[in-house]
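For reference, the structure is listed below as structure tokens.
The values are calculated or read from the model by the stated rules, or taken from the named source; none is laboratory data. Bear in mind the structure is a predicted one, so any value in this text is a computation, not a measurement. In this analysis, Cβ positions are derived from the backbone assuming ideal geometry, glycine residues included, and neighbour counts consider all displayed protein chains. Note: accessible area is taken over every heavy atom of the protein model, side chains too, but ligands, DNA and RNA are not part of it. Shrake-Rupley method; radii C 1.70, N 1.55, O 1.52, S 1.80 Å.
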Amino acid sequence: MIAFIQHVGQALVIEIAAAGRFSLTAFSFIKKLYTSPPRFRIIIQQLYEIGYRSLPVVAITGAFTGMVLAVQSFYQFHQISMETAIGILIGLSMTNELGPVLTALMVAGRVGASMAAQLGTMKVTEQVDALETLAVDPVGYLVVPRLIAGIFMIPILTVFSIFIGILGGYGISVYLLKINKTFFMSNMLDYTKAEDLCNGLIKSVVFAVLIIVISCYKGMTAGHGAEGVGRATTEAVVASCISILITDFFLSIILY
């Protein structure tokens, strides 16, 4: 029993120390936004990597999310003769919740894994040490451009996902489920306000910071060899997704 308590205590101390290291590193990443000169060439490259190359997966996710919402809600609302309320459900769900969260999860899986693998490979091949030897700040050179690009592009991807999701839900509702398009649009516009979209964008900015900071941290602290890079990549995706879901809960309470 004593040995078990000691083991649990040691594990708890290790986790607390890891959380402390991550907090300090994350703070230094964000601080560099204001102290490190912008590197526009790298920022533009990351805008392309994070934004343009994520469009297909975000579009597919948003479209099928809206269509699934339309189909599932139709059979529920049909029982109480409220089919025209489907537009309200799709509008509010996509702007407040599903658009920001699913976009962030897709970006975490595609971009977060790529960042962790790239930086992890640079770490184990001593390219990060070479930057320090050349008097180049690795955080300012590698992390800050990714952070700036993520904060700028992930909200744009979120808006795109929301638009595609609503469009997909509209198409299924009007042309497949035969719901009156006037009632669909008027109800959605009456109940979906600009503040709902603003709340979704606030969430997307927070999620962007989480994804980039966690992925870069895992990459910059990757262990040696291919195994260390693989572990860092996996941990980056898992930690980003869990952080997104937990943060979404607290942001929902704060914003609503």
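The table that follows gives values for the structure above.
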read-out	value
Helices (runs of 4 or more DSSP H) wholly inside the stretch 27-126 that include at least 1 residues being farther than 23 Å from Ala232 by Cβ and at pLDDT below 90	40-50, 55-78, 86-93
Test: residue in the stretch 189-207 that is loosely packed, with under 14 Cβ neighbours inside 10 Å and part of a loop (DSSP other than H, G, I, E, B)	yes
Top-ranked residue of the stretch 127-160 - restricted to ones that are of a type outside the set (Gly, Ala, Ser) and outside any helix (DSSP H, G or I), ranked as farthest from Leu210 (Cα to Cα)	Leu134
Complete set of residues in the stretch 208-249 that are in a helix (DSSP H, G or I), among the β-branched types (Val, Ile, Thr) and under 23 Å from Gly140 (Cα atoms)	Val209, Ile211, Ile212, Val213, Ile214, Val229, Thr233, Val237
The lone exception for Thr95 - which of (1) within 16 Å of the chain's Cα centre (by Cα); (2) closer than 28 Å to Leu255 by Cα; (3) surrounded by fewer than 19 Cβ atoms within 10 Å (Cβ to Cβ) it fails	(3)
Tally of residues being open to solvent by less than 30 Å² (accessible area, probe 1.4 Å) and more than 19 Å from the chain's Cα centre (by Cα) across the stretch 224-255	2
Matching residues in the stretch 130-184 - criterion: being within 25 Å of Lys203 (Cα to Cα) and either open to solvent by 40 Å² or more (accessible area, probe 1.4 Å) or without any contact (Cβ under 8 Å) to a residue 24 or more places away in the chain (or both)	Ile148, Ile151, Phe152, Ile156, Val159, Phe160, Phe163, Leu167, Tyr170
Filter pass, Asp137 being of a type in the set (Asp, Glu), under 24 Å from Phe64 (Cβ atoms) and in contact with a Ser or Thr (Cβ under 7 Å, 6 or more places away or on another chain)	no
Enumeration of residues in the stretch 161-182 that are part of a loop (DSSP other than H, G, I, E, B) and among the polar types (S, T, N, Q)	Asn180
First in the stretch 48-70 and in contact (Cβ under 8 Å) with a residue 60 or more places away in the chain and on the phi < 0 side of the Ramachandran plot, second anywhere and outside any helix (DSSP H, G or I) and among the hydrophobic types (A, V, I, L, M, F, W, C), Cβ under 9 Å, 6 or more apart	Ala70/Leu177; Ala70/Ile179
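To keep it simple, each residue is scored yes or no on (1) open to solvent by less than 10 Å² (accessible area, probe 1.4 Å); (2) of a type in the set (Ser, Thr, Tyr).
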residue	(1), (2)
Pro38	no, no
Gly51	yes, no
Val57	no, no
Gly62	yes, no
Gln72	no, no
Tyr75	no, yes
Ser81	no, yes
Ile86	yes, no
Gly91	yes, no
